[in-house]
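Contents: one structure, followed by commentary.
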Amino acid sequence: MHDKKILVKCTTDLQTIFKKSIFAKKLVMVSEKDFISTDFASIEKGSFQWSSPSNIALVKYWGKKENQIPANPSISFTLNNCKTITKLDFSKKETNDTFSFDLLFEGKPKEDFKPKIQKFFERIEKYCPYLKQYHFTIDTENTFPHSSGIASSASGMAALSMNIMSLEKALNPTITDDFFYQKASFLARLGSGSACRSIKGNVVVWGKHDEILTSSDLFGVEFPSQLHENFHNYQDTILLVDKGEKQVSSTVGHDLMHNHPYASTRFEQAHTNLSALKKVLENGNLDEFIKIVESEALTLHAMMMTSMPYFILMKPNTLEIINKIWKFRNQTNIPICFTLDAGANVHVLYPENVSETVLQFIQDELVGYCQNGNYICDIIGNGSQLM
Ligand code: DP6
């Protein structure tokens, strides 16, 4: 009886502390309605510029519901060097019945990017009702070659969303930093799912997961635990195996997870893998890290191969590289592993303290499998930056 009372008292005390704590605010369930903005000042014209990085998923997002809601939670390392830099000029226009924008890629008009932006504006209009009041010039460029097979949709949609949030902040200076970044991620998600993980933080979770209390299907959140020092400055060398246009886009691939024979098992597995990876990122166990990350990469491609219609995005050289990595790891015990996104390129992941040996291995044994010998050295980074 006595014990029970103490327990009740403790719980009440904890609740009081909890409500007062800074984290309490973050745990209040945020809904889509919270992102509908209404109070605005009037600004004639201006300009912002943001850079946003690409990210590489460790537990993969593959399959989605209506309105860009992921079928399972995912987690990614934010990259540092592969970025999109986007400048947004805006000026008030006479009428506000349509979206009006010019799109430049590396300073030159790029008509074929426009439908994607038009669709993005349509999706986010409800949350950013000021968009039709302005004419925009969107000038965008990537730090990685356009034809590298590295998807620019994540970094591109993130950079555009950051700029839109800078405009919103100019129109309504009372919004908090938390809201600023959360809504930027929310908007980016509506442009491209994985883009919501390119806003802020070096490890980002997107999608509701029981053990990550702040996680949400609506936006990405920073991995809430302390990242083990083994992962500080983690390296990602991207081997450019095939720079060609993909035969099947990610959007079509996601769609094929509807009625996929293994879908429900796969979505459950992603939850389990994220639980396990959470522990690994906290305790630094690199052997476990390798098992989860490589299994996730191969599962992603297994889902593609078992869709109807089925497809294969790996190339013979992708498999050659994977086998070489396994052989090198067996021989040296160096904790190097690979992951893949929806394409043939291979991301080679390894800790900073072995980078010299691994780069030598890449140059000696893997570069020959890259198209024109091309690869990009990247490292875990912190997210979008105002320029
Ligand atoms: C394999 O984010 O490109 O890279 O939401 O349709 O734009 P859309 O898809 P996208 O899908 C990325 C899939 C992936 C895995 C991942 O990044 O989690």
Criterion violated by residue 148 - all others in (1) open to solvent by 10 Å² or more (accessible area, probe 1.4 Å); (2) modelled with pLDDT under 95; (3) polar (S, T, N, Q) satisfied | (1)
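Based on what the data block shows, is residue 87 without any contact (Cβ under 8 Å) to a residue 24 or more places away in the chain and either assigned to a strand (DSSP E or B) or charged (D, E, K, R) (or both)?
So residue 87 does not fit the description; no.
Considering only region 187-216, state which residues are basic (Lys, Arg), touching a strand residue (DSSP E or B) at 6+ places or on another chain (Cβ under 7 Å) and within 17 Å of residue 31 (Cα to Cα).
Here is the first cut: in region 187-216, the ones basic (Lys, Arg) are 189, 197, 200, 208.
Still in the running and touching a strand residue (DSSP E or B) at 6+ places or on another chain (Cβ under 7 Å): 197, 200.
Once the filter is applied, which keeps residues that are basic (Lys, Arg), touching a strand residue (DSSP E or B) at 6+ places or on another chain (Cβ under 7 Å) and within 17 Å of residue 31 (Cα to Cα), region 187-216 yields nothing.
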Selected residue [modelled with pLDDT under 95, among the aromatic types (Phe, Trp, Tyr) and more than 30 Å from residue 279 (Cα to Cα)] from 99, 48, 113 = 113
Matching residues, region 240-258, being farther than 20 Å from residue 320 by Cβ and among the hydrophobic types (A, V, I, L, M, F, W, C) = 248, 252, 256, 257
Taking region 281-320 only, how many residues are in contact with a helix residue (DSSP H, G or I) (Cβ under 7 Å, 6 or more places away or on another chain), free of Cβ contacts under 8 Å to residues at least 24 places away in the same chain and aliphatic (A, V, I, L, M)?
-> 1
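Considering only region 161-215, state which residues are among the hydroxyl-bearing types (Ser, Thr, Tyr), away from the ligand (no atom under 16 Å from the Cβ) and not in a loop (DSSP other than H, G, I, E, B). Can you show your working first?
If we filter region 161-215 for residues that are among the hydroxyl-bearing types (Ser, Thr, Tyr), which is where we start, we get 161, 166, 174, 176, 181, 185, 192, 194, 198, 214-215.
Add one more test, that the residue is away from the ligand (no atom under 16 Å from the Cβ), and what stays is 166, 174, 176, 181, 214.
Matches in region 161-215: 166, 181.
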Qualifying position, being touching a residue at least 24 places away in the same chain (Cβ under 8 Å), in contact with a Gly (Cβ under 8 Å, 6 or more places away or on another chain) and farther than 30 Å from residue 243 by Cα, among 170, 195 | 170
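For (1) more than 14 Å from the ligand (Cβ to nearest atom); (2) surrounded by fewer than 16 Cβ atoms within 10 Å (Cβ to Cβ); (3) not hydroxyl-bearing (Ser, Thr, Tyr), each residue gets a yes or a no:
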{"site": "49", "(1), (2), (3)": "yes, no, yes"}
{"site": "67", "(1), (2), (3)": "no, yes, yes"}
{"site": "83", "(1), (2), (3)": "yes, no, yes"}
{"site": "86", "(1), (2), (3)": "yes, no, no"}
{"site": "94", "(1), (2), (3)": "yes, yes, yes"}
{"site": "106", "(1), (2), (3)": "yes, yes, yes"}
{"site": "111", "(1), (2), (3)": "yes, yes, yes"}
{"site": "142", "(1), (2), (3)": "yes, no, yes"}
Where a residue in region 368-387 is over 12 Å from residue 83 (Cα atoms) and its partner, wherever it lies, is basic (Lys, Arg), with Cβ under 7 Å and at least six apart | 371/243
Given (1) hydrophobic (A, V, I, L, M, F, W, C); (2) open to solvent by 30 Å² or more (accessible area, probe 1.4 Å); (3) in a loop (DSSP other than H, G, I, E, B), where does residue 248 come up short, assuming only one miss?
-> (2)
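So that you can scan it fast, the table gives a plain yes or no per residue for (1) touching a Gly at 6+ places or on another chain (Cβ under 8 Å); (2) of a type in the set (Phe, Trp, Tyr):
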{"residue": "113", "(1), (2)": "no, yes"}
{"residue": "117", "(1), (2)": "no, no"}
{"residue": "120", "(1), (2)": "yes, yes"}
{"residue": "127", "(1), (2)": "no, yes"}
{"residue": "131", "(1), (2)": "no, no"}
{"residue": "143", "(1), (2)": "no, no"}
{"residue": "155", "(1), (2)": "no, no"}
{"residue": "164", "(1), (2)": "no, no"}
Among (1) within 17 Å of the chain's Cα centre (by Cα); (2) surrounded by fewer than 23 Cβ atoms within 10 Å (Cβ to Cβ) - the single one residue 39 does not satisfy | (1)
Matching residues in region 211-224 - criterion: being in contact (Cβ under 8 Å) with a residue 24 or more places away in the chain and either over 18 Å from the mean Cα position of the chain (by Cα) or open to solvent by 30 Å² or more (accessible area, probe 1.4 Å) (or both) | 211, 213, 214, 217
Of all residues in region 51-65 being buried (at least 24 other Cβ atoms within 10 Å of the Cβ) and more than 10 Å from the ligand (Cβ to nearest atom), the one that is nearest to the chain's Cα centre (by Cα) = 53
Scan region 109-124 for residues that are assigned to a loop (DSSP other than H, G, I, E, B) and either among the β-branched types (Val, Ile, Thr) or in contact with a Phe, Trp or Tyr (Cβ under 8 Å, 6 or more places away or on another chain) (or both) and report the count.
-> 0
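Per-residue answers, yes or no, for (1) open to solvent by less than 50 Å² (accessible area, probe 1.4 Å); (2) more than 22 Å from residue 74 (Cβ to Cβ):
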position: 301; (1), (2): yes, no
position: 311; (1), (2): yes, no
position: 316; (1), (2): no, yes
position: 323; (1), (2): no, yes
position: 326; (1), (2): no, yes
position: 334; (1), (2): yes, yes
position: 339; (1), (2): yes, no
position: 349; (1), (2): yes, no
position: 353; (1), (2): no, yes
Single condition residue 127 does not satisfy, out of (1) open to solvent by 30 Å² or more (accessible area, probe 1.4 Å); (2) part of a loop (DSSP other than H, G, I, E, B) | (1)
Counting only strands (runs of 3 or more DSSP E) wholly inside region 277-381, the ones holding at least 1 residues that are of a type in the set (S, T, N, Q) are 337-339
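The values are calculated or read from the model by the stated rules, or taken from the named source; none is laboratory data. Small disclaimer: the values here were computed from a predicted structure and weren't measured. Glycine also receives a Cβ, built like all others from the backbone with ideal geometry; neighbour counts cover every protein chain displayed. Accessible surface areas use protein heavy atoms only, side chains included; no ligands, DNA or RNA. Shrake-Rupley method; radii C 1.70, N 1.55, O 1.52, S 1.80 Å.
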